[in-house]
């Protein structure tokens, strides 16, 4: 029935009132003439019929000999006809607003930001004259903005502002800071970057002052770049060499013999905000989600025409409630899980080319549910690192007394 | 007419299809379907009169409403008390 009503609305229909002596005869003639009567109802001296708009336009051909009145014209066709002017004005206003709104910047997006301080970058962008709601025509040139952004931020190698529709995209490239490499002419020592038991030292240049099987602490000099002679004179060189040492890495943690996982309850809450030409209008009073445990996601829906953002959009923040479920697991599984986690942590602090030589896991039961796991790993690592000699005592080399490395 | 009637009887063709005589179908007291009518003569809340080839059908009752009306058939709903053929 509902579908039929929709069909009638789309085609358009007319409700007519027929009065007079010949109303039945007129109705018969309509039917014989191919007019489809959709509904009909009678009163004492009146018949009301519903016919399609298309049939109504052929009505003159039937020449009624009774009084026929239009009671109602309904449907899409009549609605468009009735509202044609209003519709036209609305369209014009919409197009004007659309054209006007597309002349402004309604959103600023940043691409390539990983380690850069966002506040500083936004401040630099503001200084470059880029703001929400500004006219696109007032945007400075790309070179000008690039210079301002680079001068007001650290760690950015390149920046450029692209205007895509009503969105300004600030694209940046961050500096990759290379490890400090000293000039071969700069005097430096080789020092231990971490504590360990020295296993081998290969001196390329400088004076080795540590021995094998010696324990060193971070910062201890292993190969010195300073040569001193008995007469208190000497000179300094850029020391170099390979120092391999056995290092010990210990990590421990307390673990429960339970496996925790999230179980979603199916309850969701949505917080909707309307973004209107740079304004953020929340459609809620309280920001509080009021779930004890939940995962939140935020999705933006932008109004776009031909890929151009029109400055209007909505942001939906969805909170999915979950409860934390716990399942008991065996002692072995807990230790296995803990071991993997602790090994992962240790692997983050290893130096390049580290070789594992020994691994040990110690466990200690704290209570029936808790276990303390300690992982001890021994590696051979190259712990030698260059350290600039700050105070140069004597720069002039003495050619007659050249000292070579040990 | 008689020849047509005889042919329809002989060939076992339904007479309403060949002779244009009305076929009246009633569904309880609520609905009546008349096929092969030629004109609507009267349409009132308590009385509907239809013309067919050779006479008039009068449907009496209360709260009549034409549900479907086509060139050859008409369905009426309401509280039907009697159907008369003249």
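The values are calculated or read from the model by the stated rules, or taken from the named source; none is laboratory data. Please read all numbers here as calculations on a predicted model, not as lab measurements. Because the Cβ atoms are built from the backbone with ideal geometry, glycine has one as well, and the counts that use them run over all protein chains shown.
Quick check: is even one residue across segment B:37-50 surrounded by fewer than 17 Cβ atoms within 10 Å (Cβ to Cβ), away from every other protein chain (no Cβ under 14 Å) and out of contact with any helix residue (DSSP H, G or I) (no Cβ under 9 Å at 6 or more places or on another chain)? Scanning segment B:37-50 turns up no residue that is surrounded by fewer than 17 Cβ atoms within 10 Å (Cβ to Cβ), away from every other protein chain (no Cβ under 14 Å) and out of contact with any helix residue (DSSP H, G or I) (no Cβ under 9 Å at 6 or more places or on another chain).
Once segment A:59-70 is narrowed to residues that are surrounded by 13 or more Cβ atoms within 10 Å (Cβ to Cβ) and free of Cβ contacts under 8 Å to residues at least 40 places away in the same chain, the residue that is farthest from the other protein chains (Cβ to nearest Cβ) is A:59.
Among the residues of segment A:209-220, the ones that are at negative phi and surrounded by fewer than 20 Cβ atoms within 10 Å (Cβ to Cβ) come to 8 in all.
Of all the listed residues (A:113, A:96, A:35), the sole one being farther than 24 Å from residue B:73 by Cβ, surrounded by 14 or more Cβ atoms within 10 Å (Cβ to Cβ) and either touching a helix residue (DSSP H, G or I) at 6+ places or on another chain (Cβ under 9 Å) or modelled with pLDDT of 85 or more (or both) is A:113. On the basis of being assigned to a helix (DSSP H, G or I) and touching a residue at least 12 places away in the same chain (Cβ under 8 Å), does residue A:119 make the cut? No; evaluated as a whole, the condition is false for this residue. Exactly one residue among B:32, B:27 is more than 12 Å from chain A (Cβ to nearest Cβ) and under 9 Å from the mean Cα position of the chain (by Cα), and that residue is B:32.
Is it the case, given these coordinates, that residue A:223 is loosely packed, with under 15 Cβ neighbours inside 10 Å, assigned to a strand (DSSP E or B), in contact with a strand residue (DSSP E or B) (Cβ under 7 Å, 6 or more places away or on another chain) and at negative phi?
no
More than 14 Å from chain B (Cβ to nearest Cβ), touching a helix residue (DSSP H, G or I) at 6+ places or on another chain (Cβ under 7 Å), surrounded by 16 or more Cβ atoms within 10 Å (Cβ to Cβ) and assigned to a strand (DSSP E or B): is that true of residue A:47 in this structure? No; evaluated as a whole, the condition is false for this residue. Of all the numbered requirements in (1) away from chain A (no Cβ under 14 Å); (2) more than 14 Å from the chain's Cα centre (by Cα), residue B:85 misses one, and that requirement is (2). Scanning segment A:6-23 for residues that are assigned to a helix (DSSP H, G or I) and modelled with pLDDT of 85 or more yields a total of 6.
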